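Step one of this worksheet: look at the structure below.
The values are calculated or read from the model by the stated rules, or taken from the named source; none is laboratory data. Nothing here was measured: the structure is a model prediction, and the numbers come from that model. Here the Cβ is made from the backbone with ideal geometry for all residues, glycine too, and neighbour counts use every protein chain on show. Surface accessibility is based on the protein's heavy atoms, side chains included, excluding ligands, DNA and RNA. Shrake-Rupley method; radii C 1.70, N 1.55, O 1.52, S 1.80 Å.
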Amino acid sequence: MDPPLGDLRSESGSVADDPSGSSELAVGKGAQAAIELYSETGLGADETVDITKEREASSIDEVLDRLDADLVGLAPVKTRIREISALLLVDRLRRRYGLHSARPTLHMCFTGSPGTGKTTVALRMAEILKRLGYLEKGHLVAVSRDDLVGQYIGHTAPKTREVIKRAMGGVLFIDEAYYLYRPENERDYGQETIEILLQMMESQRQDLVVILAGYKDRMDTFFRSNPGMSSRIAHHLDFPDYTLEELAAIGRLMLAEQGYEMGSEAEAVFASYLERRMRQPRFANARSVRNALERARLRHADRLMRGGGVLRKADLVRLEPEDLLKSRVFDDPVISGAATPT
Amino acid sequence: MRITQGAFSYLPDLTEAEIGLQVQYAIDNGWAIAVELTDDPHPRNTYWEMWGLPMFEISSPSAVLHEIDRCRQAFPSHYVRVSAYDASYGRQTTALSFLVQRPEKEPGFRLDRQERSDRRIGYQLHAYAADRPHGERYGA
């Protein structure tokens with residue numbers, strides 16, 4: 001072999017020899033140089049690292065602060081996300097000293113009632129993990145049973161693999177994951193999906209984070225029948241239902257995002273609306289709040305059109321109590337198996 | 001004889017990290033990536049067998065590296081290549097293709113001369129490995 005070729009090989013070989021290299025594929029040249037620097041010239045025991053600086057460099061606070069500001073409540077979830085961020089940051093510093101701890105597994109399970117923010121948090125999680133260098137791309141691939149399970153023999157495995165491959169470098173979010181397992185049909189192809197998923201969760205740990213989501217009781221049944229799945233998931237996060245105050249705050253945030261506002265009178269009406277709605281069946285937390293506000297917007301628009309005449313900006317922005325009071329929720333104070341309010 | 005085919009084949013074999021970088025380049029260009037294999041590496045054999053389906057919509061090269069690994073395990077002594085297809089209108093062809101595995105022993109090709117009419121000579125390449133049946137050509 002010609003000497004120049006030999007040179008080329010040894011030059012590029014150093015990247016491959018780096019044990020952390022495989023997960024950092026295709027990052028910029030500068031980042032690659034940084035990887036080599038850290039892993040090859042470990043810092044001495046007496047040298048110091050600045051965790052504050054590192055924290056600033058990762059701009060993780062920005063994401064966490066936005067998480068705090070945008071998502072109302074969810075204290076246990078936020079705490080866990082903070083803990084995970086801290087762990088990844090500390091791991092990064094440890095690597096500078098040549099301390100190689102095993103890469104933490106971050107497969108997660110989100111349980112909670114409908115509308116408690118599981119999907120939203122998963123999206124944020126993908127972004128956070130990317131900022132901390134745990135994931136390479138940080139995109140979210142949201143799938144449900146239909147996207148994973150095939151329709152005939154031999155269809156499931158390639159289908160599942162393809163979805164997993166699309167999610168590599170990011171987060172695979174499986175909504176209503178308990179549907180994967182149908183105990184009433186022992187020949188159900190869902191079992192095959194679970195097996196492939198388990199295998200890939202183990203073997204592709206460095207480029208894949210799987211988040212399962214679903215209602216608490218059904219996920220518990222799911223894990224009981226798939227103990228392997230349960231043990232491979234390190235983080236079981238439970239999303240608590242929102243309190244009345246939190247729901248009101250969520251409503252305010254949603255309105256502000258869309259350029260509406262409520263006067264104090266309307267807010268009081270909205271609070272009593274929420275109180276009644278919460279006691280009704282099929283209450284879906286933040287999702288119900290959004291739907292209620294959508295309907296209020298409709299009535300607001302309808303009221304303006306009926307009224308006619310000259311309008312000011314304030315008229316277009318402000319929701320009045322009557323926009324909310326017309327809701328059917330106020331019609332029957334007695335809770336029965338009533339249909340969804342309109 | 002070391003077979004040179006596709007891109008980078010005059011260079012030393014690419015490392016995993018380098019393969020990943022090339023695949024990333026293909027992904028960034030929006031090309032669909034496929035893993036292909038053969039034990040008949042004649043230069044005119046353009047139709048290699050495909051390993052699984054071509055990969056669309058992937059965002060990380062690790063998906064391709066994973067498939068390459070699975071293919072190597074299943075066919076440890078075949079030629080394996082990665083090809084990237086550019087589907088954009090006006091091109092619609094393979095945009096990049098390079099070998100990621102070759103058999104340990106490559107016996108190479110024999111040149112056959114054919115005596116034809118009027119003392120003309122025809123030439124033909126014959127892979128030594130092709131004497132053995134498909135699937136057993138480069139051992140196991």
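For this structure, a couple of remarks:
- Qualifying residues in region B:1-38 (those that are charged (D, E, K, R) and open to solvent by 60 Å² or more (accessible area, probe 1.4 Å)) - the one nearest to the other protein chains (Cβ to nearest Cβ): B:Glu16
- When residues of region A:183-207 are limited to those that are of a type in the set (D, E, K, R) and within 14 Å of another protein chain (Cβ to nearest Cβ), the one surrounded by the fewest Cβ atoms within 10 Å (Cβ to Cβ): A:Glu202
- Near pairs, Cβ below 6 angstrom, 6+ apart or cross-chain, from region A:279-294 (closer than 16 Å to A:Phe239 by Cβ) to any residue that is of a type in the set (A, V, I, L, M): A:Ala286/A:Ile250; A:Val289/A:Leu247; A:Val289/A:Ile250
- Within region B:85-113, if we keep just the residues that are away from every other protein chain (no Cβ under 14 Å) and among the aliphatic types (A, V, I, L, M), the residue that is farthest from B:Gly52 (Cα to Cα) turns out to be B:Leu111.
- Of all residue pairs spaced 6 or more apart or on separate chains, none has beta-carbon atoms under 8 Å together with a first member in region A:47-69 that is outside any helix (DSSP H, G or I) and a second member that is open to solvent by 80 Å² or more (accessible area, probe 1.4 Å).
- Note on region B:39-59: among residues that are more than 8 Å from every other protein chain (Cβ to nearest Cβ) and polar (S, T, N, Q), the one that is surrounded by the fewest Cβ atoms within 10 Å (Cβ to Cβ) is B:Thr46.
Let's see how each residue does on (1) within 23 Å of B:Gln92 (Cα to Cα); (2) at pLDDT below 95:
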site: B:Gln5; (1), (2): yes, yes
site: B:Asp13; (1), (2): no, yes
site: B:Glu18; (1), (2): no, no
site: B:Tyr25; (1), (2): yes, no
site: B:Arg70; (1), (2): no, yes
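- A:Tyr260 vs. criteria among the aromatic types (Phe, Trp, Tyr), open to solvent by 40 Å² or more (accessible area, probe 1.4 Å) and within 21 Å of A:Val141 (Cα to Cα): no
- Long-range neighbours under 9 Å by Cβ, at least six apart or interchain, first residue touching a residue at least 60 places away in the same chain (Cβ under 8 Å) within region A:152-170, second open to solvent by 10 Å² or more (accessible area, probe 1.4 Å): none
- The residue that is nearest to B:Met55 (Cα to Cα), among those in region A:165-182 that are buried (at least 24 other Cβ atoms within 10 Å of the Cβ) and within 10 Å of chain B (Cβ to nearest Cβ), is A:Lys165.
- Residue selected from region A:143-170 under the condition in a loop (DSSP other than H, G, I, E, B) and within 17 Å of A:Arg187 (Cα to Cα), by the criterion nearest to the chain's Cα centre (by Cα): A:Val149
- Considering the conditions (1) without any contact (Cβ under 8 Å) to a residue 40 or more places away in the chain; (2) open to solvent by 10 Å² or more (accessible area, probe 1.4 Å), A:Glu127 is excluded by exactly one of them, (1).
- Qualifying residue in region A:231-250 (condition: within 14 Å of chain B (Cβ to nearest Cβ) and either of a type in the set (Ser, Thr, Tyr) or in contact with a Ser or Thr (Cβ under 8 Å, 6 or more places away or on another chain) (or both)): no
- Region A:135-149, subset away from every other protein chain (no Cβ under 13 Å) and open to solvent by less than 20 Å² (accessible area, probe 1.4 Å), residue farthest from A:Val209 (Cα to Cα): A:Val149
- Search result, residues across region B:112-140 that are in contact with a Lys or Arg (Cβ under 8 Å, 6 or more places away or on another chain), among the hydroxyl-bearing types (Ser, Thr, Tyr) and farther than 9 Å from B:Asp39 by Cβ: B:Tyr123, B:Tyr128
- Only a single criterion out of (1) open to solvent by less than 70 Å² (accessible area, probe 1.4 Å); (2) out of contact with any Gly (no Cβ under 7 Å at 6 or more places or on another chain); (3) over 30 Å from A:Leu197 (Cβ atoms) is not satisfied by A:Leu316, namely (1).
- Just one of the listed residues (B:Ser97, B:Ser83, B:Ser62, B:Ser88) is closer than 19 Å to B:Val23 by Cβ, open to solvent by 40 Å² or more (accessible area, probe 1.4 Å) and either over 19 Å from the mean Cα position of the chain (by Cα) or in contact (Cβ under 8 Å) with a residue 24 or more places away in the chain (or both), namely B:Ser88.
- Scanning region B:125-140 for residues that are open to solvent by 100 Å² or more (accessible area, probe 1.4 Å) and hydrophobic (A, V, I, L, M, F, W, C) yields a count of 1.
- Cβ pairs under 6 Å, 6+ apart, first in region B:40-54 and within 13 Å of B:Tyr79 (Cβ to Cβ), second of a type in the set (D, E, K, R) and open to solvent by 90 Å² or more (accessible area, probe 1.4 Å): none
- Among the residues making up region A:208-222, those that are open to solvent by 10 Å² or more (accessible area, probe 1.4 Å) and either acidic (Asp, Glu) or under 20 Å from the mean Cα position of the chain (by Cα) (or both) are A:Tyr215, A:Lys216, A:Asp217, A:Arg218, A:Asp220.
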